[in-house]
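Please read the structure below before turning to the comments.
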Amino acid sequence: MVSRDLIHEHINTEHAVAYIHLALNNRAIMLKRRKRIRPADDAVSYILSSRDKPLFKEIFIDSNKGRGVFASQPIEQGAFVLEYRGELLSKEDCQSRQYSDKQSTFLYEFQWQKRHWCIDASREDGSLGRLVNDNHKSPNCIMKKIIVNDRPHLCLFAVKNIEAGTEIDYNYGDSQWPWRKKVRWLDLY
Ligand SMILES: C[S@@+](CC[C@H](N)C(=O)[O-])C[C@H]1O[C@@H](n2cnc3c(N)ncnc32)[C@H](O)[C@@H]1O
């Protein structure tokens, strides 16, 4: 016959095991939550370190489009993607410089504190943000201003879930970009 003490001990052991399971589960959930850093904070940490997120790679596409940036892992909607790094210039300073047509596609103009500014990313500095191509129809990223230490920085954030292997793109804005006008011969017949 099984003694009452033995039954109680068994029940207590089962409770203890269930309790430990619950505690471990809660800890795992908390760690997961703690790991999910806010996209804006993620952007700030990459801005401060002047590094690119290691989830993207540069690939040469073709002689027309040149290089592009591709996701090497899935990216969640809303996530910080890359900073568009370059030199911060006032509009006046930017206008006083000489740029070739090609170089001027690396200038990103924006407003901040009621003034016009520009990020000049024309220098080949090895950063990836400057290599992200234009898509005005269905871009997967959007450019946002992030202020760090009283200076504006331009950062790309995902506007949809992005699968690994997908090219990163954003809308360069309303301008007469020559590649948008290209006529495909197939369309004419
Ligand atoms: C800011 S750069 C982007 C990086 C560039 N692809 C490179 O290899 O240096 C802008 C240039 O990329 C090319 N580009 C960007 N978006 C494009 C698109 N949707 N179609 C074709 N060319 C594009 C144009 O040649 C443009 O001058």
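Could you go through the range 88-102 and let me know if any residue there is among the basic types (Lys, Arg), surrounded by 11 or more Cβ atoms within 10 Å (Cβ to Cβ), away from the ligand (no atom under 11 Å from the Cβ) and farther than 24 Å from residue 63 by Cα. Yes: the range 88-102 contains one or more residues that are among the basic types (Lys, Arg), surrounded by 11 or more Cβ atoms within 10 Å (Cβ to Cβ), away from the ligand (no atom under 11 Å from the Cβ) and farther than 24 Å from residue 63 by Cα. Within the range 69-105, the set of residues being part of a strand (DSSP E or B) and over 13 Å from residue 53 (Cα atoms) comprises 87, 88, 89, 90. Of the residues making up the range 106-123, those that are over 12 Å from residue 153 (Cα atoms) and either away from the ligand (no atom under 16 Å from the Cβ) or modelled with pLDDT under 95 (or both) are 113, 114, 115, 116. As a summary of the residue check, residue 156 satisfies the conditions (1) of a type outside the set (Ser, Thr, Tyr); (2) surrounded by 21 or more Cβ atoms within 10 Å (Cβ to Cβ); (3) not in a strand (DSSP E or B) except for the one numbered (3).
How about the range 159-184: which of its residues are among the β-branched types (Val, Ile, Thr) and exposed (fewer than 12 other Cβ atoms within 10 Å of the Cβ)? Listed by number, the list holds a single entry, 183.
Of all residues in the range 159-174, those being within 16 Å of the ligand (Cβ to nearest atom), within 11 Å of the chain's Cα centre (by Cα) and assigned to a loop (DSSP other than H, G, I, E, B) number 1.
Taking the condition out of contact with any helix residue (DSSP H, G or I) (no Cβ under 9 Å at 6 or more places or on another chain), surrounded by fewer than 10 Cβ atoms within 10 Å (Cβ to Cβ) and modelled with pLDDT of 70 or more, does residue 54 pass? Taking the combined requirement at face value, the residue satisfies it.
Of the residues contained in the range 106-121, none is found to be in a helix (DSSP H, G or I) and under 22 Å from residue 39 (Cα atoms). Taking the condition of a type in the set (Val, Ile, Thr), assigned to a strand (DSSP E or B), touching a helix residue (DSSP H, G or I) at 6+ places or on another chain (Cβ under 8 Å) and surrounded by 13 or more Cβ atoms within 10 Å (Cβ to Cβ), does residue 146 pass? Yes; evaluated as a whole, the condition is true for this residue.
Selection within the range 51-68: residues that are part of a loop (DSSP other than H, G, I, E, B) and touching a Ser or Thr at 6+ places or on another chain (Cβ under 7 Å). The member of this set that is nearest to the ligand (Cβ to nearest atom) is 52.
The values are calculated or read from the model by the stated rules, or taken from the named source; none is laboratory data. The structure presented is a predicted model; accordingly, all values stated were derived computationally and were not measured. Here Cβ is always computed from backbone atoms with ideal geometry, including for glycine, and neighbour counts include all displayed protein chains.
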